[in-house]
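The values are calculated or read from the model by the stated rules, or taken from the named source; none is laboratory data. It should be emphasised that the depicted structure is a prediction, and the values quoted were computed from it without experimental measurement. A quick note on method: Cβ atoms are made from the backbone with ideal geometry, for glycine too, and the neighbour counts reach across all protein chains shown.
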Amino acid sequence: MSTFKSGHNDAQVSLIEGARIIVNVCASVQAGEDVLVVTDKATSLSIAQNLASAAEEKGASAAIAVVQAQRTGTEPVRPVAAAMQAANVVIAATSASLYHTDAARNAVAGGARLLSMTEISEEVMTSGAITADFEAQGPIIESVRALLTSARAVRVTAPGGTSLDMSLEGREAMQITALARTPGTRSATPDLEAFIAPVEGTAEGVLVVDGSASNLGLIRTPVMMEISGGRVTSISGGQEADRISANLREANHEGAYVIAELGIGLNPNGLVRGHIIEDEGAYGTAHVALGNNTNFTGGKNWAPVHFDHVFHRPTITLDGVEVMVDGVLTEAARPGRG
């Protein structure tokens, strides 16, 4: 069986070079545009400063807004939300995702281009996923997205113990290309993935998280989640399991326990290092999210949070056809074959 293989490499770039990739390649910032970089006190300010400098090199006007670190999905304060709507380009270099907020949705609806860089670090800005050829991966991402869209059912297994079945019937998959170049578009970078909102209430089985998780970083002791009726019914493991349970309790909303997303990482240079914006897009992984999916096509579950959980070496079977085996795409996923 012929398969695709990871292109992991040891390429390194400087922080300003990484910022130029975001500004020039991902956002295609132009002279005369207004660029807003949103960051928080849990993120290195040097990242925002270099992003602003890279935008100014292009002849754009750049401003930095520093907010308090919040949990994923928390709305930014109103002055920042208003600034997001006024900008041509918004780059969210924050510890918690702004992607799933009303502020992001409203900014994009008003024509802004938005890039989310959740849990970004100087390490991720200078090596690994950011060194990928984003445009070259586009056809592969689209092929996997189309396969997810056409499937009625998915089975997900992994050596760590994951065994999960879900219905995809009637759902349209989406893609993250790391690019937001036209007005009214948003993406995440350096994430590359195809993802879908499974039909609520249909997920059954076990998810074992052995990679990383939102707001936690690397998983040292695998976390087992039992899933029934599309919801997490029990969580067990070590300290990370306790923290995941605490995050869900703190959300104080039943929707936080709902299976919201299945995503397949497709960045060949991505590594799992404890920063979700890179981890969830690393080739050879998949992730299952809990919580809000109303930003996804067809998603019906609202929650105040969206937590991603990454696991290694998935086998993805769509309507009985394996499109990924042990973390490697099969011939069935080749562009033009789906």
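Look through region 328-337, keep the residues that are assigned to a loop (DSSP other than H, G, I, E, B) and either of a type in the set (Lys, Arg) or at pLDDT 95 or above (or both), and return whichever of them is nearest to residue 207 (Cα to Cα). Spell out the reasoning first.
Filtering region 328-337 for residues assigned to a loop (DSSP other than H, G, I, E, B) gives 334-337.
Now narrow it down to the ones that are either of a type in the set (Lys, Arg) or at pLDDT 95 or above (or both): 334, 337.
Values: 334: 27, 337: 29 Å.
Once the filter is applied, the top-ranked residue is 334.
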Checklist line | Flag if residue 94 is buried (at least 20 other Cβ atoms within 10 Å of the Cβ), among the hydroxyl-bearing types (Ser, Thr, Tyr), under 19 Å from residue 19 (Cα atoms) and in the same structural domain as residue 22 (by TED's automatic domain parsing) | finding: yes
Next item on the list: Would you check if residue 249 is assigned to a loop (DSSP other than H, G, I, E, B), free of Cβ contacts under 8 Å to residues at least 40 places away in the same chain and basic (Lys, Arg)?
Entry: no
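Would you check which residues across region 206-239 are within 19 Å of residue 97 (Cβ to Cβ) and not polar (S, T, N, Q) and list them?
Residues of region 206-239 that are within 19 Å of residue 97 (Cβ to Cβ), as a first pass: 209, 211-219.
Passing the criteria: 209, 211, 213, 216, 217, 218, 219.
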Item checked: Every residue from region 41-63 that is over 15 Å from residue 125 (Cβ atoms) and either in a loop (DSSP other than H, G, I, E, B) or at pLDDT below 95 (or both) -> 41, 42, 58, 59, 60
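Go through region 304-338 and give me each residue that's β-branched (Val, Ile, Thr) and touching a helix residue (DSSP H, G or I) at 6+ places or on another chain (Cβ under 6 Å).
305, 310, 321, 323
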Margin query: Quick test of your reading of the structure: residue 242 fulfils all but one of (1) part of a strand (DSSP E or B); (2) out of contact with any helix residue (DSSP H, G or I) (no Cβ under 7 Å at 6 or more places or on another chain); (3) among the charged types (D, E, K, R). Name the failing condition by number.
Written below: (1)
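Considering each of 83, 129 in turn, give the residue that is more than 15 Å from the chain's Cα centre (by Cα), within 22 Å of residue 49 (Cα to Cα), assigned to a helix (DSSP H, G or I) and not aromatic (Phe, Trp, Tyr). Even if it seems obvious, please write down each step before you answer.
Details: 129 fails: more than 15 Å from the chain's Cα centre (by Cα).
83 is the lone residue from the list that is more than 15 Å from the chain's Cα centre (by Cα), within 22 Å of residue 49 (Cα to Cα), assigned to a helix (DSSP H, G or I) and not aromatic (Phe, Trp, Tyr).
Take the conditions touching a residue at least 60 places away in the same chain (Cβ under 8 Å) and either touching a strand residue (DSSP E or B) at 6+ places or on another chain (Cβ under 6 Å) or more than 25 Å from residue 306 (Cα to Cα) (or both) and apply them to residue 36. Does it pass?
Working: touching a residue at least 60 places away in the same chain (Cβ under 8 Å): no; either touching a strand residue (DSSP E or B) at 6+ places or on another chain (Cβ under 6 Å) or more than 25 Å from residue 306 (Cα to Cα) (or both): yes.
For residue 36, the condition - touching a residue at least 60 places away in the same chain (Cβ under 8 Å) and either touching a strand residue (DSSP E or B) at 6+ places or on another chain (Cβ under 6 Å) or more than 25 Å from residue 306 (Cα to Cα) (or both) - is not met.
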Margin query: Which of the numbered conditions does residue 273 fail, given that it passes all the others? Conditions: (1) under 22 Å from residue 172 (Cα atoms); (2) of a type in the set (Lys, Arg); (3) touching a helix residue (DSSP H, G or I) at 6+ places or on another chain (Cβ under 7 Å).
Written below: (1)
Note to self: Against the conditions (1) part of a helix (DSSP H, G or I); (2) farther than 30 Å from residue 201 by Cβ; (3) within 17 Å of the chain's Cα centre (by Cα), where does residue 114 fall short? Just the number, please.
What the structure shows: (1)
Check: From the residues in region 64-80 that are outside any strand (DSSP E or B) and aliphatic (A, V, I, L, M), which one is nearest to the chain's Cα centre (by Cα)?
Finding: 69
Check: Can you name the number of the only condition in (1) surrounded by fewer than 18 Cβ atoms within 10 Å (Cβ to Cβ); (2) under 13 Å from the mean Cα position of the chain (by Cα); (3) of a type outside the set (S, T, N, Q) that residue 170 fails?
Finding: (2)
Note to self: Residues that are crowded, with 16+ Cβ neighbours inside 10 Å and modelled with pLDDT under 95: does region 191-213 have at least one?
What the structure shows: no
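Identify all residues within region 214-239 that are of a type outside the set (A, V, I, L, M, F, W, C), surrounded by fewer than 18 Cβ atoms within 10 Å (Cβ to Cβ) and in a strand (DSSP E or B); write none if there are none. Steps first, answer last, please.
Going residue by residue through region 214-239, those that are of a type outside the set (A, V, I, L, M, F, W, C) are 214-215, 217, 220-222, 226, 228-231, 233-234, 236-239.
Cutting the leftovers down to surrounded by fewer than 18 Cβ atoms within 10 Å (Cβ to Cβ) gives us 217, 220-221, 226, 228-229, 233-234, 236, 238-239.
217, 226, 228, 233, 234, 236 - these are the residues of region 214-239 that are of a type outside the set (A, V, I, L, M, F, W, C), surrounded by fewer than 18 Cβ atoms within 10 Å (Cβ to Cβ) and in a strand (DSSP E or B).
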Notebook entry, point to check: Is it the case that some residue within region 195-206 is assigned to a loop (DSSP other than H, G, I, E, B) and among the β-branched types (Val, Ile, Thr)?
Noted result: yes
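Mind checking which residues of region 17-67 are basic (Lys, Arg) and touching a helix residue (DSSP H, G or I) at 6+ places or on another chain (Cβ under 9 Å)?
Answer for region 17-67, where residues must be basic (Lys, Arg) and touching a helix residue (DSSP H, G or I) at 6+ places or on another chain (Cβ under 9 Å): 20, 58.
Does residue 135 satisfy being assigned to a helix (DSSP H, G or I), in contact with a helix residue (DSSP H, G or I) (Cβ under 9 Å, 6 or more places away or on another chain) and surrounded by fewer than 22 Cβ atoms within 10 Å (Cβ to Cβ)? Step through it out loud before you land on a result.
Working: assigned to a helix (DSSP H, G or I): yes; in contact with a helix residue (DSSP H, G or I) (Cβ under 9 Å, 6 or more places away or on another chain): yes; surrounded by fewer than 22 Cβ atoms within 10 Å (Cβ to Cβ): yes.
The answer is yes for residue 135.
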Check: residue 145 passes all but one of (1) at pLDDT below 95; (2) surrounded by fewer than 24 Cβ atoms within 10 Å (Cβ to Cβ); which number fails?
Finding: (1)
